[in-house]
Every structure is written in C-alpha cells, then in structure tokens.
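A short worksheet on the structure shown next.
The values are calculated or read from the model by the stated rules, or taken from the named source; none is laboratory data. None of these values were measured; they are calculated from a predicted model. Neighbour counts run over all protein chains shown; Cβ positions are idealised from the backbone, glycine included.
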Ligand code: BGC
C-alpha cells in the first residue's frame, strides 16, 4: 500500500488531498433548463472518479436569488429546487462515497440572502426587536436619519448600508442582497452549529468557509471604510471589520462539533488576511486548514513561485497543518488565460481600493497556446508540492476564460459594480463542454445559462477522452501517478538554471519547471511525466517534468 493510499483511509485524508471544485450551476444539467443540477453531477460521478481526485467541493447549491452566484443563501439547510432536492443530495453523497470521493460543501456565515426567513422577519419586525438583532441594523445620521449610519463602502456596493422602509439601515460588506449577520448574537452561533451538524449528519466530510475572517466585527463606533485593502487592514487582530482575534472562538466551537464525528469533519478557511495571520485559521483546534491564493496571484516567474512555496510550507509547519494550492476557482480568470496576460495588465490583482481580487478586462489577442502550456506546467508543479491541491472544474480540459460575454448576459455583481471596469467573473463560470456538438455542448439537453462560445467544442471532454497528449489525459495520468509517489510533506530544492525550479520529494522523485520561453537541458533521471512532448533530452519552454532520481 502506498503511503498516500494509507493516508486516504485515515483521518488525515485531507492533508495531501486533491479537491475538485464543482460550481453546480455550470457543471452538468440533467433536466435541460440551462442550469446545472445535482442529477447532472450524479451522472458524471464516473467521470470524477476517472480523475483520481479525493474530494469534490460543491459551491453553494442552496436556495438563492442569485444576487451573487449563490453566495447569497436563502436557506442553509436545503437545495435550490432548480438544482435538485435533499434526496438527490443524499444520492450524490452516497454515489461519490462509493467511489472513494469525499464531499465538501460551502458555508457562507458572514451574510445570508435578503430572502432568508430571518431577514424577512427582521424587515417585518420593529427596530430594536430580537429579529433585527440577528443582523446589523442601525439608525441613520442626519435630521431625518437620511444618511447612512457610517461612511462604509462594500465590495459589490458601492454603499455598505441599505435603508429599509421604516427608515433604519442594515450593513452589508457585499451586495445589498447579502445582509451581514451580527455574530455577537448567540442565536447566530447556534443557527450555524445546527447547519454544520445538519450537513455532517448527512455524510458531508468537509466545509469550505466563505470569508472566514469577517464574522466578528467591532461595531462601536460604527466602522467607516472606503477601502478593504490589506494596507488598511490591521494585522494585530484588532481591525474593526476583519481578522479579529475573537473570530477563532467561533471556530473552536465548530471544531468541537467536527471532532464528534468519525472521521472528524474538516474545514478550509477562505481568509484574505495578512500572510502571517493565516496560520491562526489552520490550527488543530480551529478550522484546520486555510486557503493560500499566492500562486494564483503570482507572476509566471520562478523566483515568485519559489518564495510562495517556501513561505507557505513554513506557515503550514507553524500550525501542524498542511498547505493548500489553488491555480483557478470560480472567482478568478482561468489560469490557461491568466498566465499569458501581459505584464502590467495582470489578470488577477489584489485591488487596493476594494480588498478584493479583481479580474481586469482583457483586450487584444492573447497567446492561448502559450497560456495552455503554462497552465499545464503550473498544474504539474502544483500537484508535486506537499499539501492539498484545489482544482476548478474545466481546468482539466485546459479551458481558457470566456472573455467576450455580452454585457447584457452577465450575471456577476462585480461586473455591475465596476461598471465594466473590471472583468466579470462569469468568464470562468460558463457551463462545461462535454461534447463537441449538440445542445449546449453536452452540458444538458437544453441551453446554457451563460453563453458558450463556438470554440468550446475543441475543449470538450468527448474530444479529449482517451486521446494521448490531451490536457484531460495529462491530468488523469498526473493525478493517478501522484497517488503512487507522494511520501512525506517536505521538499528540498535542487540547483537548476535561472528561470527554472527543481525540487525533490521524499522517495527520490522530483519536479522541474521551465518558466522561460526557451528550452533548456533536462537533468538526467527517469522521466515520469511531462506537460509537453519531450525530445532529445530537452526541457521545453513553459513546461514541467517529473523525474525519478537515481
Ligand atoms: C466567494 C465569492 C463571493 C463572496 C461573497 C467569496 O469568498 O468566493 O464568490 O462573491 O465570497 O460571499
């Protein structure tokens, strides 16, 4: 039994797991209404198993008015009828488990949807009522309370306060349809414990915690903020809005619940905090693991990648956790496109104004062949690293981002908020192509809720399945080989030419990446897998090779 197989069966299965993110509305549509559904996913479980992944993470599938792609949850313990039913959810979990695939669901504890029963009750109840105390309601300023309670902007705002008919205002860090909970209220804690128990009892193995650093806020005096940048976020646990030390008390309570299960439920925090504050989210008495998005925001440069890798392995060591790696997700430009966006027009940057990762608009032609080469090289490098890797649906097909969705078909609030200045996140959320032709390229028997470009046919699963040299087969081969190779959780750097990175893992295998546009000499060793065709002992430009060392 390989060390990895042993690990997969243990309570530490998550430490080096590969987790595949499914954005349910865009994965597979069974009933033909143009929106992906649980039955669609059930029909693709064999496909998921063929990828040798360890878990899937389902982005929100809960009832929602879709003000923010489902991150506006109207009921945390149900399934959106457009996506399925709780029975179907149980069937999905059972089927995934039968193939050895575990399941993460997304928990969105900072805010609900304004359609949530609690918010509706709050609207019907008077100021000062217990119903309003679950959210952050305040009187406005000005003679007639006509001014917001404080000068606060929001991520998708622009305003961070919205007025209700009786004149009070409520606070929201995201869209006005996403009112923030007041976590100083015990009822909110109990409600989320109930939700976590509900899904854990249904067999869910893990949770991805949305905006995990924002729950606890200091509301006296009310926060004023026009920027959410890390530059203005304090890094000592005393910031008014983010990353306050008290937030970890919540996660300690969650951990006590997770540990009542066998194996204990796991969690990964999405926390955009100062890097040295990240380990606090990954402690064994807290959530256990925290996302690092540092590769995702890195330039395609060996030195930048090496620093990110070193820093994050060190952070993980501080807490006894393992690190996470991400190249693509539902919020950013797919890496097959992002990695060739010319310097100065970075695809994803951390926006100083908004403390938010912003997808810049893409103008002009991009060298997508190079983008694909870099994406495959980056993925192979990532899969060789200690820690767990998060893949985003469609990256195994080498899908580029869709950069030309007509404005009137956009759905993302980031697009509307930026008035076209920022690229919408819809480009990475376009439904997957399963076949080269037919309605919605096999996504389902009907249409597609976001328009699919004609060139999608070239990337379809059907076109790549079983075809040597395809991106899909590269992912399959690398993921299954990874299971036989992984040992330990450390790496050692090996000397390599400028513009390359070479590291060795326990067990005597190594990964070398060429970040340059020129081929270089390939070190000697037994070739295990390569992201490009290898000939005459050369490591091609923008490629990664795994080598067994003698
Ligand atoms: C999610 C975004 C969402 C935001 C607000 C983020 O963490 O990934 O898609 O818009 O939280 O819930």
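So, residue 234, is that one crowded, with 20+ Cβ neighbours inside 10 Å and either within 16 Å of the ligand (Cβ to nearest atom) or in a loop (DSSP other than H, G, I, E, B) (or both) or not? The answer is no for residue 234. The condition of being more than 23 Å from the chain's Cα centre (by Cα), free of Cβ contacts under 8 Å to residues at least 24 places away in the same chain and under 30 Å from residue 20 (Cα atoms) holds for residue 201.
Listed here are the residues, each with its yes/no results for (1) within 19 Å of residue 337 (Cα to Cα); (2) modelled with pLDDT under 95.
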{"position": "411", "(1), (2)": "no, yes"}
{"position": "418", "(1), (2)": "no, yes"}
{"position": "423", "(1), (2)": "yes, yes"}
{"position": "426", "(1), (2)": "yes, yes"}
{"position": "429", "(1), (2)": "yes, no"}
{"position": "432", "(1), (2)": "yes, no"}
{"position": "441", "(1), (2)": "no, no"}
{"position": "444", "(1), (2)": "no, no"}
{"position": "448", "(1), (2)": "no, no"}
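In the set 104, 61, only one residue is outside any loop (DSSP other than H, G, I, E, B), within 16 Å of the ligand (Cβ to nearest atom) and buried (at least 23 other Cβ atoms within 10 Å of the Cβ); that residue is 104. For the range 211-226, what are the residues that are more than 16 Å from the ligand (Cβ to nearest atom), surrounded by 14 or more Cβ atoms within 10 Å (Cβ to Cβ) and in a loop (DSSP other than H, G, I, E, B)? 216, 218, 219, 222, 223, listed by residue number.
Going by the structure shown, is residue 136 in contact with a strand residue (DSSP E or B) (Cβ under 9 Å, 6 or more places away or on another chain), in contact (Cβ under 8 Å) with a residue 60 or more places away in the chain and away from the ligand (no atom under 15 Å from the Cβ)? When the stated conditions are applied, residue 136 passes them. Applying the condition of being in contact with a strand residue (DSSP E or B) (Cβ under 6 Å, 6 or more places away or on another chain) and touching a residue at least 24 places away in the same chain (Cβ under 8 Å) to the range 482-493 and asking which residue is nearest to residue 385 (Cα to Cα) yields 491.
Each residue in the range 494-521 was checked for being touching a strand residue (DSSP E or B) at 6+ places or on another chain (Cβ under 9 Å) and either within 20 Å of residue 304 (Cβ to Cβ) or buried (at least 20 other Cβ atoms within 10 Å of the Cβ) (or both), and 19 of them qualify.
Among the numbered conditions (1) buried (at least 21 other Cβ atoms within 10 Å of the Cβ); (2) away from the ligand (no atom under 16 Å from the Cβ), the only one that residue 208 does not meet is (2).
Across the range 36-58, the number of residues qualifying as assigned to a strand (DSSP E or B) and within 13 Å of residue 95 (Cα to Cα) comes to 2. Here 54, 87, 78, 46 are screened, and the one residue that is within 17 Å of residue 104 (Cβ to Cβ) and away from the ligand (no atom under 16 Å from the Cβ) is 54. Right, residue 340: crowded, with 20+ Cβ neighbours inside 10 Å and at pLDDT below 95 or not? Yes: the conditions hold for residue 340.
The residues on offer are 202, 141, 127, and the sole one that is at pLDDT 95 or above, surrounded by fewer than 17 Cβ atoms within 10 Å (Cβ to Cβ) and under 23 Å from residue 77 (Cβ atoms) is 202. Return a yes/no flag: does the range 153-160 have any residue that is within 15 Å of the ligand (Cβ to nearest atom), within 21 Å of residue 71 (Cβ to Cβ), without any contact (Cβ under 8 Å) to a residue 60 or more places away in the chain and buried (at least 20 other Cβ atoms within 10 Å of the Cβ). Yes, the range 153-160 has at least one match.
Could you say whether any residue in the range 467-475 is more than 21 Å from residue 543 (Cα to Cα) and modelled with pLDDT of 95 or more? Looking for residues that are more than 21 Å from residue 543 (Cα to Cα) and modelled with pLDDT of 95 or more, one finds none in the range 467-475, hence no.
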